[in-house]
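Any read-out appearing in this document is the output of simple, stated calculations on the displayed coordinates, not a laboratory observation. Keep in mind it's a predicted model, so treat the numbers as computed, not measured. Cβ placement follows ideal geometry from the backbone for every residue including glycine, while neighbour counts extend to all protein chains displayed.
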Amino acid sequence: MSKLLYTIEKEHHNENDLRELLMKNKNIKFVSLMGVDLGGNSIDEKIPIELFLEDINDFLKSAIQTDGSSVELYNIATLNNAKVDLMPDVNSKWYIDYNFEHFDENNLPIGTLKIPAFLIHENKKVCSRGILQKSEKYFKKSILDILKEYPHMMNNVGIESIDEIESIILTAATELEFWVNTPEDKVDLEKLYVSQSLKEQYWKRTHGVIRTCLERSLIILQELGVNPEMAHKEVGGINSSISIEGKTNHAMEQLEVSWKFSHPLQAADSELLVREVIEDVFTSNGLEVTFKAKPIHGVAGSGGHTHVGVSAKLKNNKLINLFAPRDMTQDYLSEIGYGALMGMLHNYEVLNPFVTATNDGFNRLVPGFEAPVCIVTSLGHSYEVPSRNRSVLVGLIRDIKNPKTVRFELRSPNPLSNTYLVLAGCYQVMLDGIKAAAKSKLDTKALEKELSKGLGEEGFYLDKNRVYRDENDVFEHYNLEERNDRFGIPPATVYENMKNLEIYDCKLKSLKQGDVFTDKIIDSFKTGAIEKWKKELKNRIIEENINIIRACIKIHSKENMDALDEVMWNTISDIKYNVMKDTLTRKSLFTQIREVIEEGKYEDASRLQLELSNEMEKIEKLYRQYKKNIY
């Protein structure tokens, strides 16, 4: 297996090299163009390798036509204009996706050459990869333009003149948390909750098949050039049980994998690859994998923390982190760093829809347990002591001894967020803040003061009635009303989040600059998110809750009951009726939700969804207490 071909770098994307490589590796039987639509869905199709070899140059230069109905491009690929083309990206890294359950006559796994691609509609890139590529290009050009027009922005990073700069380098990375379990295992919420509270699983040693799968995944990712840095147990999960034969019988664990930084487009491609490898390895060993943000209500959800950085490569080959100040003991950030951080916070209302666009994503974003719902950052209690405040939205990662590590960590994404659009949005809104900081001509101390301003204090860029920096645990230090007053009221549903694209339309200019996020793209993404939200709410969420309610049955009898049991059951029964049962005089919550969705009253549907969520939380908690009292 060590002799398998795993990657083809861009310098080999020519006919001679490709033909030679593929003829040597005849177990590679297929080609697949991987486009990524606005919903974050990657396309996978099997094209026999023989067709690719017939005319490699023509294959790479001319797009493959497909039907827009197969991709998520609402209001772009319409019924009367559905032609979408797949164009290979010859400047990206290509991968070989091996099927380790299907072998050729030489006992080698069958491989598929996966080529990242762009979705083209009316001669324009309308896909997630295309948007991120455009954002990278625009950000780099804009930074050079800013430094040329406002040379004082270089004073605190150790660059004397723009003539020293050879290029701007963007770096990004994500972390991937996920749950694994043996199929059909029932969730024991009490055990999960207690284990999480005691931190019995966090960073503990893995065992058995889970250890094997984790190790195999890391080895394959190394071969694919993803360069994994670490894998470990996360806070969620319970101890696995072992059968008499020494096999894992019952497993339910939360894991995390992280890997090295790369440029943004490569970072997003790598995340897709990591998910596929992990899923393939664990499922082939009889384990279920989920990348859902909140697969189990009441215990730890899974995050996809996203890191972003910006550097300048000088002509003398020196690398300068543009977020890091010249003297790390005198400043938290450079002028560019402060501008970037303020841009992300100031414009988060229009970035957030691209970060959290699903019901599952919002299930994770509830106050407490490190859920980043407040638009706030933490810098540190002093320049010498870095902050790792895990209750904030955007964390500043810095090592006083190593300025190259300075970066921002956006903590709100989840494993199924569209990383391409998240990264593109981050660089767009950061650029907006950098431009504002440059035009202000303020030094680092004045910019730190702006970021640290109090409630009701005027700023040159940040909103007056907001606080943007806090060194406290914002969930322990403030109550809900205080958090809302200081940091704003966060959206609680997909609809509320998408509505912010209208409410804060004045901030959309940060996304639109450079024609990166166009009106058409924003409208398409918003339409798709709302379509999925209402269909999932009307069908899947209601159906799941019906099953939960039907499972809440009366289990006490006259022989084993107390008055307390009867009171608790009556309370449960009342909630069941309110949520599910229609009568001649009133309609259940389920029916109300279905009707307002049918009528297009999405504001009402959003409000009723929150009411339903509260009622279901009550009934599940009450029923657990009720069952515990029955002997």
A correct Stokes-Einstein calculation for the chain, using the alpha-carbon Kirkwood radius, 25 °C and 0.890 mPa s, returns a whole-number D in µm² s⁻¹ of 92 µm²/s
Residue farthest toward the positive end of the dipole of segment 63-158, with Cβ of Lys/Arg at +1 and Asp/Glu at -1: which of LEU119, THR78, TYR138? TYR138
State the answer as a single residue: which of THR7, PHE30, ALA605 lies farthest towards the positive end of the charge dipole of the chain, with beta carbon charges of +1 for Lys and Arg and -1 for Asp and Glu, about the Cα centre. ALA605
Placed amide H near ASN414: partners under 5 Å, 5+ positions off or other chain: GLY304
What does the C-alpha gyration tensor say about the overall shape of segment 100-159? Classify as rounded when a/c is under 1.5, otherwise prolate if a/b is larger than b/c, or oblate. oblate
For LYS315, list the aspartates and glutamates whose Cα falls under 15 Å from its own Cα; do not include residues on the same chain fewer than 8 positions away. GLU160, ASP163, GLU164, GLU166
State to the nearest 20 debye the size of the charge dipole of segment 7-126 about its Cα centre, where the only charges are +1 on K and R beta carbons and -1 on D and E beta carbons. 220 debye
Once phi is turned into θ = phi - 60°, what whole-Hz ³J(HN,Hα) does the Karplus curve with 6.51, -1.76 and 1.60 give for every residue of segment 300-316, x standing for Gly and Pro? 4, x, 10, x, x, 3, 10, 9, 9, x, 9, 9, 10, 8, 8, 5, 8
Anisotropy class of segment 364-422 from Cα gyration tensor, a/c 1.5 cut: oblate
So which lysines can LYS24 reach, going by Cα to Cα under 17 Å and dropping same-chain residues fewer than 8 places off? LYS3
Taking θ = phi - 60°, what integer Hz values does the Karplus form 6.51 cos²θ - 1.76 cosθ + 1.60 yield along segment 86-94, in sequence order, with x for Gly and Pro? 9, 10, x, 9, 7, 9, 9, 7, 9
To the nearest 500 deg cm²/dmol, what mean residue ellipticity at 222 nm is calculated for the chain from DSSP H runs of n ≥ 4 alone, each contributing -39,500 (n - 2.57), summed and divided by the residues? -12500 deg cm²/dmol
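Show me 131-137, 13-19, 89-95 ranked by packing, highest mean number of other Cβ atoms within 10 Å first.
Working: 131-137: 22.0, 13-19: 14.6, 89-95: 19.6.
Per-residue Cβ counts within 10 Å, averaged per peptide and sorted highest first, yield 131-137, 89-95, 13-19.
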Going by amide H atoms built from the backbone, whose H comes under 5 Å of the H on ALA324, apart from near neighbours? SER334
Taking every other residue with Cβ under 13 Å from the Cβ of SER92 and scoring Lys and Arg +1, Asp and Glu -1, one gets -1
Space enclosed by the convex hull of the alpha-carbon atoms of segment 530-628, per residue, Å³: 99 Å³
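Could you grab the relative contact order for the chain? Cα pairs under 8 Å, six or more apart, rounded to a whole percent.
About 12 percent, as a whole number.
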Apply the membrane-span-like helix rule to the chain: whole DSSP H runs, Cα extent along the own long axis of at least 27 Å, mean Kyte-Doolittle hydropathy at least 1.0. List the helices found. none
If each residue's Cβ is checked for other Cβ atoms within 10 Å, how do SER417, SER32 rank with the fewest at the top? SER32, SER417
Mind running the shape call on segment 7-126? Use the C-alpha gyration tensor, a ≥ b ≥ c as the square roots of the eigenvalues: rounded below 1.5 for a/c, prolate if a/b tops b/c, oblate otherwise. prolate
In terms of modelled amide H atoms, which long-range or inter-chain residues lie less than 5 Å from the amide H of GLU166? LYS313, LEU314, LYS315
Subset of LYS464/LYS538; LYS148/LYS318; LYS445/LYS509; LYS137/LYS233; LYS134/LYS499; LYS61/LYS141 violating a 31 Å alpha-carbon distance limit: LYS464/LYS538; LYS137/LYS233
Put +1 on the Cβ of each Lys and Arg and -1 on the Cβ of each Asp and Glu in segment 241-383; which of LEU273, TYR348, LEU314 then has its Cα farthest toward the positive end of the dipole? LEU314
